[in-house]
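What follows is a short report on a single structure.
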Amino acid sequence: MPNPKPSSHSLFSTLFLLITFSISTLVSSKSTIEPCSNADSCNAMVGYTLYTDLKVSEVAALFGIDPISLLTANNIDISYPDVENHILPSQLFVKVPITCPCVDGIRKSVSTHYKARPSDTLSSIADSIYGGLVSADQLREANSVSDPSVLDVGQNLVVPLPCTCFNNSDNGLPAIYLSYVVQPVDTLAGIAARYHTTITDLMNVNAMGSTAISPGDILAVPLSACTSNFPRYASDYGLIVPNGSYAITASHCVQCSCSAGSRNLYCTPASLAVSCSSMQCRGSNLMLGNLTMQQSSAGCNVTSCNYDGYVNGTINTMLSVSLQPRCPGAPQLPTVIPPPTTATRQSIYAPAPAPSPMESGGLHWPKSQGGIMLPPLGSFPASGPAASTAAGSVTSGCFVIKPLAASQLTVALYGLVCLCLTAGFRLL
């Protein structure tokens, strides 16, 4: 006896279940939120992929930051001629430094503003221009937009960016946190290897119950860093610099570098230094960054001229004298790179690799190409929150769902309906 044809009732019941399942699958993007209750702030970063060719100054303006800070965060040479007008290629991935305050009980950056242009929508701003770091719903809520389909040209929009502080530490060591949008080919192991951390650490920081991640999720990734010990009254108090990069401070007069694997800043006069106060340590002939060493039977006597913060327009220096078991080698500074002219795909577009054992039993970490990585393009945006344990302190949180932009959801459902109806009519 031949199988009976499916009724229209059963067909549309199946269609409804498929749509329901698809919606529940597509809106599951999450991000890590750190609850807070005080008025302090910290330095943080977001990972951003350029949606088109942009000048350095344009990328900086997009996030409301100093172009110099964008360059130094990615270890790019700031002395390159006319560097602020250098054009960065589309699809280049950069780390963008931001300030992370406590706003409405959670950590988020609200210092970024965007002026709407013709044809802009909340979805296009969120998905394309800011690469999924924010959602259309978050933009609508932050700006009290009643009709998301209508934006006035020139309208000033607050762009709430995800960020975390966690006391600027990770397992008791200095760290700065990068908000990273998961890409379709990413794995948690690959992200851990790329940023020199561990799977366990990522899971703990992001309150993950498993290693499963989805495109559009936003992970808080701890980056090892060097911290400063400047006095609280210094304008650059709390300066923290990720491994393998540098920062410019003291009104562009001082450069503080953090070499790979180091925990201590090494500060010297910056290449941009023009009209700067004295950088000589009192009571010595040493200039900022200089040191002398003298071997003795008791060890190595080391005298160094160190930077001690920028106070009321004056560069503070401090002469340090110590006896060390052996004389230290020359400071190892990160090698700065010229501004990128191409966004090479190479193997970075392949799935992010997991750590692979070496013959010595250690781990092999993929190099970051001078601090700039190019992950693949994202698909759906993400945002939301999580709980975390970092630096010995426990902070409670939760996972939230960030809906897809209306246009994306409409297209997805429309395609699903067409597919199911086509299959259904073939059966009838």
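Rounded to the nearest 0.05, the FRET efficiency derived from the C-beta distance between Ser79 and Gln324 at R0 = 56 Å is 0.95. Structural descriptor for the stretch 271-324: relative contact order 33 percent, calculated from alpha carbon pairs under 8 angstrom and at least 6 residues apart. The modelled label-to-label distance for the pair Lys115/Ser210, using points 7 Å beyond Cα in the direction of Cβ, is 4.8 nm.
What net charge do the residues around Val158 carry, taking every other residue with its C-beta under 13 Å from that of Val158, with Lys and Arg at +1 and Asp and Glu at -1? Here the charged neighbours net out to +1.
A crude spin-label estimate for the pair Ser57 and Arg140, with each label 7 Å from Cα along the Cβ direction, gives 3.7 nm. Legend: calculated FRET efficiency, Ile129 to Ser297, from the Cβ-Cβ distance at R0 = 51 Å, rounded to 0.05, equals 0.20.
Working ranking of peptides 34-44, 270-280 by packing, defined as the average number of other Cβ atoms within 10 Å per residue, highest first, is 34-44, 270-280. Between amide H atoms placed 1.01 Å from N, distances below 5 Å from Asn243 occur with Ser224, Ala225, Cys226, all of them 5 or more places distant or on a separate chain.
For the stretch 271-324, the calculated P(r) over all alpha carbon pairs, in 5 Å bins from 0 to the bin holding the longest distance, is 4, 20, 24, 21, 14, 8, 5, 3, 1 percent.
No lab work stands behind these numbers, since they all come straight from the coordinates. Predicted, not measured: the structure shown is a model, and the values here were computed from it. In this analysis, Cβ positions are derived from the backbone assuming ideal geometry, glycine residues included, and neighbour counts consider all displayed protein chains.
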